[in-house]
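J.: Before I ask anything, let me first share the structure, which is written out below as structure tokens.
The values are calculated or read from the model by the stated rules, or taken from the named source; none is laboratory data. Because the structure is predicted, anything quoted here is derived from the model rather than measured. So basically every Cβ, Gly included, is an ideal-geometry build from the backbone, and we count neighbours across all protein chains shown.
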Amino acid sequence: MKTKEEIQKLREEIIDVSLSLLESGLIVRTWGNISAKIDDKHYLITPSGIRYEDLKPDMLPLVSIEDGSYEGEYKPSSEFMVHTAIYKTRNDAEFIVHTHQVYATCVGALGKKRLKAEHKEKKIIFPVADYALPGTKALADNVKSAAAKNSETRSIIMANHGAVCFGHNAEEAVKEAIKLEKAAKKYIFNICKTDASNEILEGFSSKLEEGKIVYLRNDTPERVKLIHQTIYAKRPDVHCIFHNKSEAVMTISRRVNHMRPLLDDFAQIIGTSVRIPTAEGAPLVVKKKINTVFAYNDGAYCLGDTEEDAKSAAIVLDKGCIAHLAVTRFGEGRFISLKDCFKMNRNYRKNYSVLAKSVK
Ligand SMILES: [Zn+2]
């Protein structure tokens, strides 16, 4: 049994870990979640939809491993069933981090059952749990089965979604996530021949202020201003545009004509299908509910209601582009079904708008 002081320390530690994962880029915005077991029957977890920067120790709900009920003012993260499944299956799990880390997530889109790697001259296998929609019991069951079958590994890739890594304490869990990311990056670079770095490279962004377009750079060319004007005219729900010219996005913008979601967050935040113009001067494709507009050989304009939304779209798009290039060069991949994409996109919009309203 942990004492009150120890539990309080654990609450603080979860927040410290979330901030350090945020800093290292293994988690972004409110995506991902972290938990710690406090006894055989309970664990603490980060709440749903609250930014890590705003978290206070007493905001973490306490979840029952047995029946999933919780105590506390805030709702547990939507992926709490995955955590419960691991605590039920693995005695060596006392601290869990669920991330959407870039390269492990991209490996999880290749349709592979496992990632074989070497760490300190030892062979290591990272299993890929079968796909199921986020936040569902089916997903928790798939992770549970992968955790049960692979007792020697403490990192599980979740197909088309992210990773879940654990250990006896925070330090071990974070080390697992870093180890997995290194192995996955090596695989994406060496086997999939995709060495685009994960980044957002801002080109010419803009925002609407009292109905007027404000360009964030004085040197925005007229050609680009026209693109912004076209987007705002066709999408009254958009108030900010982030122009991403990262290496992966640029490559897609000159070589690909259509992107279907390979990753859950792409389906949620960018949309269910993105068309890309294939020649200089070809018309832009601006569609409802698709938060990215590619311009030929000019990267992508990522759309949002706020600056943060537009930037989030840019981050998610970059990862989606790396996954797309990796799958193309690997020659195999698992795309998410259109039906699942629509479901996720609808759910995300519904929940996000509720959340945005409650925050305001
Ligand atoms: Zn997730």
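J.: Taking strands (runs of 3 or more DSSP E) that do not extend beyond the range 83-132, which have at least 3 residues that are surrounded by fewer than 22 Cβ atoms within 10 Å (Cβ to Cβ)?
T.: 114-119, 122-129
J.: Restricting attention to the range 257-276, does a residue exist that is under 24 Å from Ala196 (Cβ atoms), of a type in the set (Lys, Arg), in contact (Cβ under 8 Å) with a residue 40 or more places away in the chain and touching a strand residue (DSSP E or B) at 6+ places or on another chain (Cβ under 9 Å)?
T.: yes
J.: Applying the selection to the range 148-168, what residues are surrounded by fewer than 24 Cβ atoms within 10 Å (Cβ to Cβ) and either within 16 Å of the ligand (Cβ to nearest atom) or outside any strand (DSSP E or B) (or both)?
T.: Those that are surrounded by fewer than 24 Cβ atoms within 10 Å (Cβ to Cβ) and either within 16 Å of the ligand (Cβ to nearest atom) or outside any strand (DSSP E or B) (or both): Ala148, Lys149, Asn150, Ser151, Glu152, Thr153, His168.
J.: Follow-up question, since we're still on this one. Just wondering, is there one or more residues in the range 1-16 that are surrounded by 13 or more Cβ atoms within 10 Å (Cβ to Cβ) and within 16 Å of the ligand (Cβ to nearest atom)?
T.: No - not one qualifying residue is present in the range 1-16.
J.: Further question: For the range 57-79, give me the residue count where each residue is away from the ligand (no atom under 16 Å from the Cβ), touching a residue at least 24 places away in the same chain (Cβ under 8 Å) and within 22 Å of Ser20 (Cβ to Cβ).
T.: Result for the range 57-79: 4.
J.: Taking the residues in the range 23-39 that are away from the ligand (no atom under 12 Å from the Cβ) and either of a type in the set (Val, Ile, Thr) or surrounded by fewer than 18 Cβ atoms within 10 Å (Cβ to Cβ) (or both) as candidates, determine which candidate is farthest from Lys179 (Cα to Cα).
T.: Asp39
J.: Also: For residues that are assigned by TED's automatic domain parsing to the domain that holds Val164 and of a type in the set (Gly, Ala, Ser), scanning just the range 178-202, find the one that is farthest from Gly304 (Cα to Cα).
T.: Going through the qualifying residues, I end up with Ala183.
J.: Kindly list the number of the only condition in (1) within 24 Å of Leu263 (Cβ to Cβ); (2) touching a residue at least 60 places away in the same chain (Cβ under 8 Å); (3) among the hydrophobic types (A, V, I, L, M, F, W, C) that fails for Phe95.
T.: Going through (1) within 24 Å of Leu263 (Cβ to Cβ); (2) touching a residue at least 60 places away in the same chain (Cβ under 8 Å); (3) among the hydrophobic types (A, V, I, L, M, F, W, C) one by one, Phe95 breaks only (1).
J.: Still on this structure: Give the number of residues within the range 252-266 that are under 13 Å from Gly333 (Cα atoms) and either within 16 Å of the ligand (Cβ to nearest atom) or assigned to a helix (DSSP H, G or I) (or both).
T.: Qualifying residue count for the region: 3.
J.: Further question: Just one of the numbered conditions (1) buried (at least 18 other Cβ atoms within 10 Å of the Cβ); (2) out of contact with any helix residue (DSSP H, G or I) (no Cβ under 8 Å at 6 or more places or on another chain) is not true of Phe204; which one?
T.: Here Phe204 clears every test but (2).
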